[in-house]
Amino acid sequence: MLKAVNLNAVRLLDEELLRRRNTNYRYLMNLDNHNLLMNFLLESGLYSLDRTPEGVHDGWESPYCQLRGHFLGHWLSAAAQHYAATGDQMIKSKADAIIDTLERCQVENGGEWVGPIPEKYLYWIARGKSVWAPQYTMHKVIMGLLDMYEYAGNELALEIVKKLANWYLRWVRQYDREAFDNILDVETGGMLEVWVQLYSFTKDPEHLELINAYYRGRLFDGLLAGRDVLTNMHANTTIPEIMGAARAYEVLGDEKWLRIVKAYWKSAVTDRGSYVTGGQTCGEIWTPFHQQSARLGDKNQEHCTVYNMMRVADFLFRVTGEPEYMDYYELNLYNGIMAQAYWKGNFTHGQTTPYPETGLLTYFLPLRAGARKGWASQTNDFFCCHGTLVQANAHLTNGLYYQKDSDVYLCQYFNSDAALTIDGKAVSLRQRIDTLVGSNHTSSWSSGSQKIMEKAAIYKSRPNVICDNILVDAEEQEFTLYLRIPAWVKEEVRVEINGEAVACTAKAGEFLALKRVWKSDVVTITLPISIQAVPLADDPDMIAFRYGPMALAGLCDAERTLYGDKEHPESFLTADNEREWASWKPTFRVKGQPVGMRVIPLKDVGYDPYTVYFPVKKSMRFGVEE
């Protein structure tokens, strides 16, 4: 399998991704430990109250909610991964203190159970009594503890989980296969994955027993048989279970686990199709195969499904090396992770807005006409997607670099550094995007001399390319550098090594392989970006637009019919406000339409109403449609 380059070996430099990671860090650090631990302290009897204290977390973290406590597990996972990527000691100290308190809770609970909910919730499932997904909650807790061990070296976290596993073993052994399958029909989250993760650390046969108990036969066997077991079913119930199968393949090596994951991808993505964003769901459920037109609503693309399907894509890429998974990853990064979290407006020079200037998280990404994003609060909601929010933005280096022996894969184009070892020798890669702006004037308060640059005259208008310089530093080391040619590229890709042209033998949706003895070399790859029309599979006259990987949104509060030739999508849009100081802006407006409209990347929409899909007709003359 390919391996993602270690978190601590990748240095993120892209300004926007860094802003998001740093904002995420501040959010993690600003949440008070006592409030994060509140439900664990109450459950263990280490804390009691006679009224709701000021500042206590509300929403799904409220002491009155049956799903209470799930967020702390996500928090621990995010903190561990942020520490692994950055070495930040402050977040590690904060997380270590939380682990210490969880151990105290475990002792008070009798030495095994450590949860924000009572053990009886799991017995209620077996009795058929209604309770809101206690295994989902416990999965998050165990995941956070194990991630603190794996990424942050906290030995106590592992010991806590090992003791908790003893409770689970006794509970599981009370049921025969059919009875436990009935229990697994109630949302289990990623319990399979955490037991595999635990077994990978301990190699304890009893932990393997837990893996086997959590085999979800009613889902997995249906997938293996080629049945459609997903349509109209809750999406994020099953995606974590599939990640359990993926982890089981990595740890146990049984090909059956891999077949399960591939069958799931075929059903969820390949056979089902997707929206222009790369997402597939509406109202948290899987849409029917290639029938998305009736599902454009206010609850498309749950953030959790985006994050977890990107994890599945990452796994399948590491197994197969197929670029389609990194194309999927890219679409969902831009149009999911970046479109649904940590939005920041740009209001300067006296400009104002009636809305907040930032947005934390949108549970869903509405795709109906005239939709608005619904932004969550910092402490009064704590939906499930709050958890995947902090995990997804913990480091943002996933999906960039992979390696297998002397093969190195560069999969996403962002300013960053990667430190590799190939055949025992150090190799570094440095990505530096050339913005082709020909100016140092970054704002109205820029100071210093303004150097005259040739590019200012060469690129008079937005160049519509990504121009990436990849600096390779090695000591005469032979290896193959694979560069992904994104599926959205429609024109010729230019490649140079040390200023000399190299034939690009790869097509869009493939990898370009550059094998040579590398020393101190510069690879320049220029990827043309164009406007694409992306129709709904079951309604080809309903189209959305993408600019490269970015889905576009028209700023309007109702459905608009556009007139023109969808085979030439560039005819609908023209550049709008394309340049601000030393920045090219991927912004547009419609042309040749009855009513004007600005069109911007969906990820840049904050509180304004917007429309993504537009009915298209060929032409209009004298106010009459033809």
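The values are calculated or read from the model by the stated rules, or taken from the named source; none is laboratory data. All figures in this text were calculated on a predicted structure; none of them were measured in a lab. Don't worry about glycine lacking a Cβ; one is built from the backbone with ideal geometry, like all the others, and counts go over all protein chains shown. With ligands, DNA and RNA removed, areas are computed over all heavy atoms of the protein, side chains included. Shrake-Rupley method; radii C 1.70, N 1.55, O 1.52, S 1.80 Å.
What the table below lists for this structure:
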| quantity | calculated |
| --- | --- |
| Some residue of segment 62-80 being over 24 Å from Ala341 (Cβ atoms) and either touching a helix residue (DSSP H, G or I) at 6+ places or on another chain (Cβ under 9 Å) or charged (D, E, K, R) (or both) | yes |
| Residue within segment 40-54 that is under 27 Å from Asn22 (Cα atoms), in a helix (DSSP H, G or I) and more than 26 Å from the chain's Cα centre (by Cα) present | no |
| Lone qualifier among Lys256, Lys266 - being within 17 Å of Gly222 (Cβ to Cβ), open to solvent by 20 Å² or more (accessible area, probe 1.4 Å), out of contact with any His (no Cβ under 8 Å at 6 or more places or on another chain) and without any contact (Cβ under 8 Å) to a residue 24 or more places away in the chain | Lys266 |
| Extreme residue, nearest to Ser274 (Cα to Cα), among residues of segment 499-510 that are open to solvent by 30 Å² or more (accessible area, probe 1.4 Å) and of a type outside the set (A, V, I, L, M, F, W, C) | Glu510 |
| Glu241 being in contact (Cβ under 8 Å) with a residue 40 or more places away in the chain, in contact with a helix residue (DSSP H, G or I) (Cβ under 9 Å, 6 or more places away or on another chain), surrounded by 23 or more Cβ atoms within 10 Å (Cβ to Cβ) and acidic (Asp, Glu) | yes |
| Residues (closer than 21 Å to Ala84 by Cα, surrounded by fewer than 19 Cβ atoms within 10 Å (Cβ to Cβ) and small (Gly, Ala, Ser)) located in segment 135-184 | Gly153 |
| Contacts under 7 angstrom Cβ, first residue in segment 50-68 being of a type in the set (A, V, I, L, M), partner modelled with pLDDT of 95 or more and in a loop (DSSP other than H, G, I, E, B), 6 or more apart | Leu67/Trp132; Leu67/Ala133 |
| Qualifying residue in segment 351-361 (condition: surrounded by fewer than 22 Cβ atoms within 10 Å (Cβ to Cβ) and within 29 Å of Cys411 (Cβ to Cβ)) | yes |
| Hey, Arg19 open to solvent by 20 Å² or more (accessible area, probe 1.4 Å), of a type in the set (Lys, Arg), in a helix (DSSP H, G or I) and at pLDDT 95 or above or not | yes |
| Set Asp565, Asp576, Asp608: member being within 22 Å of Pro528 (Cα to Cα) and either in contact with a helix residue (DSSP H, G or I) (Cβ under 8 Å, 6 or more places away or on another chain) or open to solvent by 50 Å² or more (accessible area, probe 1.4 Å) (or both) | Asp565 |
| Test: residue in segment 363-382 that is in a loop (DSSP other than H, G, I, E, B), open to solvent by less than 20 Å² (accessible area, probe 1.4 Å), among the basic types (Lys, Arg) and modelled with pLDDT of 95 or more | yes |
| Residue count for segment 185-236, restricted to those that are in a loop (DSSP other than H, G, I, E, B), open to solvent by 60 Å² or more (accessible area, probe 1.4 Å) and not basic (Lys, Arg) | 6 |
| Residue list for segment 108-122, filter: part of a helix (DSSP H, G or I) and either acidic (Asp, Glu) or without any contact (Cβ under 8 Å) to a residue 40 or more places away in the chain (or both) | Glu108, Lys120 |
| Meets criteria (more than 27 Å from Lys299 (Cβ to Cβ), open to solvent by less than 10 Å² (accessible area, probe 1.4 Å) and touching a residue at least 40 places away in the same chain (Cβ under 8 Å)) for Val523 | yes |
| Conditions (1) assigned to a loop (DSSP other than H, G, I, E, B); (2) open to solvent by less than 10 Å² (accessible area, probe 1.4 Å); number of the one not met by Cys385 | (1) |
| In segment 549-594, the residues that are assigned to a loop (DSSP other than H, G, I, E, B) and under 20 Å from Asp434 (Cβ atoms) | Pro549, Glu578, Trp581, Ala582, Lys585, Pro586 |
| Scope segment 461-498; condition open to solvent by 60 Å² or more (accessible area, probe 1.4 Å) and either out of contact with any Asp or Glu (no Cβ under 9 Å at 6 or more places or on another chain) or not in a strand (DSSP E or B) (or both); matching residues | Ser461, Glu475, Glu476, Lys490, Glu491, Glu492, Arg494, Glu496, Asn498 |
| Any hit, segment 309-316, residues being on the phi > 0 side of the Ramachandran plot and open to solvent by 10 Å² or more (accessible area, probe 1.4 Å) | no |
| Residue match in segment 409-418 (condition: in a loop (DSSP other than H, G, I, E, B), out of contact with any strand residue (DSSP E or B) (no Cβ under 7 Å at 6 or more places or on another chain) and either surrounded by fewer than 12 Cβ atoms within 10 Å (Cβ to Cβ) or among the small types (Gly, Ala, Ser) (or both)) | no |
| Selection count where residues are open to solvent by less than 60 Å² (accessible area, probe 1.4 Å) and assigned to a loop (DSSP other than H, G, I, E, B), scope segment 55-65 | 6 |
| Residues of segment 439-460 that turn out to be open to solvent by 90 Å² or more (accessible area, probe 1.4 Å) and not small (Gly, Ala, Ser), as a count | 7 |
| Any hit, segment 272-280, residues being surrounded by fewer than 16 Cβ atoms within 10 Å (Cβ to Cβ) and touching a residue at least 24 places away in the same chain (Cβ under 8 Å) | no |
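Matching residues to (1) farther than 30 Å from Arg430 by Cβ; (2) crowded, with 20+ Cβ neighbours inside 10 Å:
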residue: Leu512; (1), (2): no, yes
residue: Lys515; (1), (2): no, no
residue: Pro528; (1), (2): no, no
residue: Ala544; (1), (2): yes, yes
residue: Ala553; (1), (2): yes, yes
residue: Glu570; (1), (2): yes, no
